[in-house]
Amino acid sequence: MSQASTIHVVRQRSLKSRSGTVTAVAELAPQTLDLTDDQREIQALAREFARTEIRPVSADVDERDTYTPLDVLYKAAEVGLTSYMLPEQVGGGGIGDVLTGCIVQEELNWGCAGIGNLITSGAFFGRPVIEVGTPDQQQRWLAPLCGPQPPLTSLASTEPGVGSDTAAMATTAVRSGEEYVLNGQKTWISNGGIAQYYVIFATVAPGTGSKGVTAFVVEKSDPGITFGEPMRKMGQRAIINTEVFLQDCTIPADRLLGEEGKGFYSLMHTFDESRIHLAASAIGIARAAFEYSVEYAKTRNAFGKPIGQHQAVGFRLADMATRIDAARLLCHRAARLMDAGKHVPAEAAMAKLFASETATWVTWAAIQTLGGWGYSREYPVEKWSRDARLEELEEGTSDIQRLIVSRRLLRD
Ligand SMILES: Cc1cc2nc3c(=O)[nH]c(=O)nc-3n(C[C@H](O)[C@H](O)[C@H](O)COP(=O)(O)OP(=O)(O)OC[C@H]3O[C@@H](n4cnc5c(N)ncnc54)[C@H](O)[C@@H]3O)c2cc1C
């Protein structure tokens, strides 16, 4: 099926399951040049879904703290938003380009970052399975993700003692006949405990750094995998995070993903893509806060005129808009380069670094624009600021992004 007809299917499913028509593009929505008609259609679909299905429940899900809105996930599956990026061979939409992922990610995260990232979490798990998995493995773990009630998935790299320095991971995998035995502990794992499938990174050669890192798929029903309680977080609460314990977790040898010792490369490649998507998520949050601020500045009066007419407020809005546009340009540049087959760790790092710091800055600027009301839980901007802060931390902190860029600049 061609990309165009796949999107057509996505659109048809949307219209069948949802009587509302796609709304006109909001005035402040991104003026992105050079998108194809197909990309504009899926953008409109994601935008409408975010407006009608995500935004209305976002505050409630946040207040409930560690609640996963599976009903919203299943509605997203109905219209193809959970699986459009997975290969057609396993029943997905086959729209695997990074740029389309960014466009969708921005719209969904405009609705709510936690829920948006929950909807597309299958892509994070799916990336190494698509890249190095056999056709049988792809069928086994990706085909279920294309159904109407997709199981949740996780990717587990971080450990209590090892986050940024991934190559130093201590979780081990030992081959024993036709099985592997995994021992260790992972932490901060998104969808932990409620996911059915886990890509787990472990070392087959402790002490050799990146050379031993290997990827496996562990299923929730496998012996020896258990989970901690949901961790309580500052933001993005629609996604549950837990510790994952592996105690003599015994899996068949065919759970090996790719080759022994090649997992580090696979993880880094996954991050190259996911960091560009994470940049788009940050832009979505920033845009939500910016749009809200503009409306507020037009209608809130002080000293006899709308606050936006006071230069300090108007200029702040101008800075917000400028930074968001710059972040999107960096993000789409990295996406287009990756889609063109380039190796883009530095460009992906620049996009994530700038977009995530922009999201933090813009959401704080939004709080300032609302004055005291910005600090109130009755208004959404304080939630957006909490959600935004995570983008500077996960999948490599801002320091690590600077490290990647500086290494590129200084290498021979
Ligand atoms: C909500 C949430 C969801 C997450 N989801 C997942 C998930 O699904 N799967 C998963 O595997 N992980 C996940 N993580 C983990 C996340 O990727 C790590 O927290 C992150 O990579 C940072 O690792 P760390 O917390 O161990 O910090 P550390 O590595 O201990 O870093 C601490 C500080 O030291 C700085 N630092 C470290 N090394 C350097 C250096 N070389 N140069 C300069 N500064 C340095 C860091 O920037 C940071 O400021 C999640 C985390 C959170 C908070």
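FYI, it's all coordinate maths here, none of it is from the lab. Keep in mind that this is a model prediction, so the values were computed, not measured. Don't worry about glycine lacking a Cβ; one is built from the backbone with ideal geometry, like all the others, and counts go over all protein chains shown.
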Quick check: from the Cα gyration tensor, does segment 199-267 come out rounded (a/c under 1.5), prolate or oblate? prolate
Filtering chymotrypsin sites (Phe, Trp or Tyr not before Pro) in segment 342-402 by DSSP loop and by at most 15 other Cβ atoms within 10 Å leaves none
On a straight-distance basis, which aspartates and glutamates could pair with residue 298 in a cross-link, Cα separation under 15 angstrom, same-chain partners fewer than 8 positions away excluded? 27
For segment 153-262, the Cα convex hull volume per residue in Å³ comes to 94
Taking a ≥ b ≥ c as the square roots of the eigenvalues of the Cα gyration tensor of the chain, is the shape rounded (a/c under 1.5), prolate (a/b larger than b/c) or oblate? prolate
With θ set to phi - 60°, apply the Karplus curve 6.51 cos²θ - 1.76 cosθ + 1.60 along segment 51-65 and write out the HN-Hα couplings as whole Hz, x wherever there is a Gly or Pro. 6, 9, 10, 9, 3, x, 9, 4, 5, 5, 4, 4, 5, 6, 6
Whole-Å distance, taken between Cα centres, linking segment 48-107 and segment 268-309: 20
If we count other beta carbons within 10 Å of each Cβ, what is the order of 296, 379, fewest first? 379, 296
Round to the nearest 0.05 the FRET efficiency obtained for residue 406 and residue 234 when R0 = 22 Å and r is the Cβ-Cβ distance. 0.15
Rounding to the nearest 20 debye, state how big the charge dipole of the chain is about its Cα centre with +1 on each Lys and Arg Cβ and -1 on each Asp and Glu Cβ. 940
Charge dipole of the chain about the Cα centre (unit charges at C-beta), most positive-ward option of 72, 216, 158: 72
Under a straight-distance cross-link criterion of Cα-Cα below 17 Å, which lysines are reachable from residue 211, leaving out those fewer than 8 residues away in the same chain? 262
Residue-normalised 222 nm signal for the chain, counting each DSSP H run of n ≥ 4 as -39,500 (n - 2.57), nearest 500 deg cm²/dmol, is -16000 deg cm²/dmol
Ranked from highest to lowest mean number of other Cβ atoms within 10 Å per residue, what is the order of the peptides 164-177, 99-112, 117-130, 184-197? 99-112, 117-130, 184-197, 164-177
Residue by residue through segment 266-275, what is 3J(HN,Hα) from phi via Karplus (6.51 cos²θ - 1.76 cosθ + 1.60, θ = phi - 60°)? Round to whole Hz and write x for glycine and proline. 4, 5, 5, 5, 4, 5, 3, 6, 5, 5
Residue by residue through segment 279-288, which ³J(HN,Hα) values in whole Hz follow from phi under the Karplus form 6.51 cos²θ - 1.76 cosθ + 1.60 (θ = phi - 60°), with glycine and proline marked x? 4, 5, 4, 4, 5, x, 5, 4, 5, 4
Hey, which of these cross-link pairs are over 26 Å Cα-Cα: 186/233; 186/220; 305/352; 75/220? 305/352
Cross-link reach list, aspartates and glutamates versus residue 342, counting only Cα pairs under 12 Å and skipping chain neighbours closer than eight places: 272, 273
Tell me which of 190, 117, 225 sits at the most positive position along the dipole axis of the chain, charges placed on C-beta atoms (Lys, Arg +1; Asp, Glu -1). 117
Along the positive direction of the dipole of the chain (beta-carbon charges: Lys, Arg +1; Asp, Glu -1; about the Cα centre), which of 271, 379, 43 reaches farthest? 379
